[in-house]
Amino acid sequence: MIEKLGAIKNRWKDVGEQISDPNVIGDFRKYAKLSKEYKDLEEIVAAYDKYKNIIDNLQSSKEMLANETDVEFREMAKMEIEGLIAEEEKLEDEIKWLLVPKDPEDSKNVVIEIRGGTGGDEASIFAGDLYRMYMRYFEKRGWRTELVDSTEGSAGGYKEIIVNVSGDNIFGQLKYESGVHRVQRVPQTETQGRVHTSAASIIVLPEADELDVQIHENDIRKDIFCSSGPGGQSVNTTK
């Protein structure tokens, strides 16, 4: 694993040099790709540096234990070794997780759509509750939000609301939120205290990058027609 991490660090350094090259900076597509790779590798490199430091300290403590004759110092060395081994094992698990190939879309911003489902006015109110819950969570995480569209319910809440959310690795953290959410409670609109079941759906979509869309000249077709309808000969000259 050490060799693999060393190779990753070398690649990280190489990418760092490339994104400082004026020629690369001038190529937006290449610069964006390399910047993303640099950011993805940076977390692995930081964990690798920490791991190497622990390995070095562990080796020093073992040498001290082997050469030290003082009982008190030997006990201190043993305690330090135990702590370092625990840190080493924990960090190894973290690094293995970081090395798992990631979905390339996990780093994208998202479009989140919340829609009231079955349950009439109460479903719209529930959709509004979900919207406020998510907005507080986004605010706590420091993510930026932008309201795209909304349709308010007649009794409060939203029949539909669409929000753009931007930040770091958002789609990877929110993609499993998609689905139908259900609630059983006494609605605000209920006058006789009966429990109702309502539902709201949530759709989380990765935001399309400008680089995702490429339109080639060969894919564009222009059709020109003469106008039709009343108007005499002028319709034959109007396009």
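The values are calculated or read from the model by the stated rules, or taken from the named source; none is laboratory data. These numbers were taken from a predicted model, which means no experiment stands behind them. With ideal geometry, Cβ positions are generated from the backbone for all residues, glycine too; neighbour counts draw on all protein chains shown.
Which of the residues belonging to the range 108-140 are closer than 22 Å to Ala208 by Cβ, modelled with pLDDT of 90 or more and of a type in the set (Lys, Arg)?
Matches in the range 108-140: Arg115 only.
If Ser35 satisfies all but one of (1) part of a loop (DSSP other than H, G, I, E, B); (2) surrounded by 13 or more Cβ atoms within 10 Å (Cβ to Cβ), what's the number of the condition it fails?
In the conditions (1) part of a loop (DSSP other than H, G, I, E, B); (2) surrounded by 13 or more Cβ atoms within 10 Å (Cβ to Cβ), Ser35 misses (1) alone.
Report, by residue number, each residue of the range 28-64 that is among the hydrophobic types (A, V, I, L, M, F, W, C) and modelled with pLDDT of 85 or more. Before you say what the answer is, go through the steps one by one.
At the first step, the residues of the range 28-64 found to be among the hydrophobic types (A, V, I, L, M, F, W, C) are 28, 32, 34, 41, 44-47, 54-55, 58, 64.
Within the range 28-64, Leu34, Leu41, Ile44, Val45, Ala46, Ala47, Ile54, Ile55, Leu58 meet the criteria.
Would you mind telling me which numbered condition in (1) surrounded by fewer than 15 Cβ atoms within 10 Å (Cβ to Cβ); (2) among the polar types (S, T, N, Q); (3) at pLDDT 85 or above Asn67 fails?
(3)
For the range 3-44, how many residues are farther than 25 Å from Ile55 by Cα, of a type in the set (A, V, I, L, M, F, W, C) and more than 24 Å from the chain's Cα centre (by Cα)?
Residues flagged as farther than 25 Å from Ile55 by Cα, of a type in the set (A, V, I, L, M, F, W, C) and more than 24 Å from the chain's Cα centre (by Cα) within the range 3-44 amount to 2.
Taking the range 18-31 on its own, how many of its residues are surrounded by 11 or more Cβ atoms within 10 Å (Cβ to Cβ) and not hydroxyl-bearing (Ser, Thr, Tyr)?
Of all residues in the range 18-31, those surrounded by 11 or more Cβ atoms within 10 Å (Cβ to Cβ) come to 18-19, 21, 24-25, 27-28, 30-31.
If we keep only those that are not hydroxyl-bearing (Ser, Thr, Tyr) too, we end up with 18-19, 21, 24-25, 27-28, 30.
Of the residues in that region, 8 qualify.
Which residue pairs have Cβ atoms under 7 Å apart, sit 6 or more places apart or on different chains, and have a first residue in the range 99-118 that is within 30 Å of Met1 (Cα to Cα) and a second that is among the charged types (D, E, K, R) and part of a loop (DSSP other than H, G, I, E, B)?
These pairs meet every condition: Lys108/Glu207.
Which of the following residues is in contact with a Leu (Cβ under 8 Å, 6 or more places away or on another chain), outside the structural domain of Gly172 (by TED's automatic domain parsing) and of a type in the set (Val, Ile, Thr): Ile55, Ile85, Ile25? I'd like the intermediate steps shown before the answer.
Working: Ile55 fails: in contact with a Leu (Cβ under 8 Å, 6 or more places away or on another chain); Ile25 fails: in contact with a Leu (Cβ under 8 Å, 6 or more places away or on another chain).
One residue alone meets the criteria, Ile85.
So which residues in the range 156-184 are surrounded by fewer than 14 Cβ atoms within 10 Å (Cβ to Cβ) and either in contact with a helix residue (DSSP H, G or I) (Cβ under 8 Å, 6 or more places away or on another chain) or on the phi > 0 side of the Ramachandran plot (or both)?
Gly179
Could you check how many residues of the range 140-154 are in a loop (DSSP other than H, G, I, E, B) and either in contact (Cβ under 8 Å) with a residue 60 or more places away in the chain or surrounded by 14 or more Cβ atoms within 10 Å (Cβ to Cβ) (or both)? Spell out the reasoning first.
Step one: list which residues in the range 140-154 are in a loop (DSSP other than H, G, I, E, B), which gives 142-143, 153-154.
Narrowing further to those that are either in contact (Cβ under 8 Å) with a residue 60 or more places away in the chain or surrounded by 14 or more Cβ atoms within 10 Å (Cβ to Cβ) (or both): 143, 153.
Here the count works out to 2.
Among what's in the range 89-105 and is of a type in the set (A, V, I, L, M, F, W, C) and surrounded by 10 or more Cβ atoms within 10 Å (Cβ to Cβ), pick the residue that is farthest from Leu34 (Cα to Cα).
Within the range 89-105, the subset of a type in the set (A, V, I, L, M, F, W, C) is 91, 95, 97-100.
Checking the rest, the ones that are also surrounded by 10 or more Cβ atoms within 10 Å (Cβ to Cβ) come to 91, 95, 98-99.
Working: Leu91: 27, Ile95: 22, Leu98: 19, Leu99: 18 Å.
Among residues in the range 89-105 that are of a type in the set (A, V, I, L, M, F, W, C) and surrounded by 10 or more Cβ atoms within 10 Å (Cβ to Cβ), the one farthest from Leu34 (Cα to Cα) is Leu91.
Quick grid of which residues meet (1) part of a loop (DSSP other than H, G, I, E, B); (2) modelled with pLDDT of 80 or more; (3) not assigned by TED's automatic domain parsing to the domain that holds Phe126:
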position: Gly172; (1), (2), (3): no, yes, no
position: Gln192; (1), (2), (3): yes, no, no
position: Ser198; (1), (2), (3): no, yes, no
position: Ser201; (1), (2), (3): no, yes, no
position: Asp223; (1), (2), (3): yes, no, yes
position: Ser227; (1), (2), (3): yes, no, yes
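Output the number of the condition that Val235 fails; it satisfies all remaining conditions of (1) at pLDDT 90 or above; (2) over 30 Å from Glu42 (Cβ atoms).
(1)
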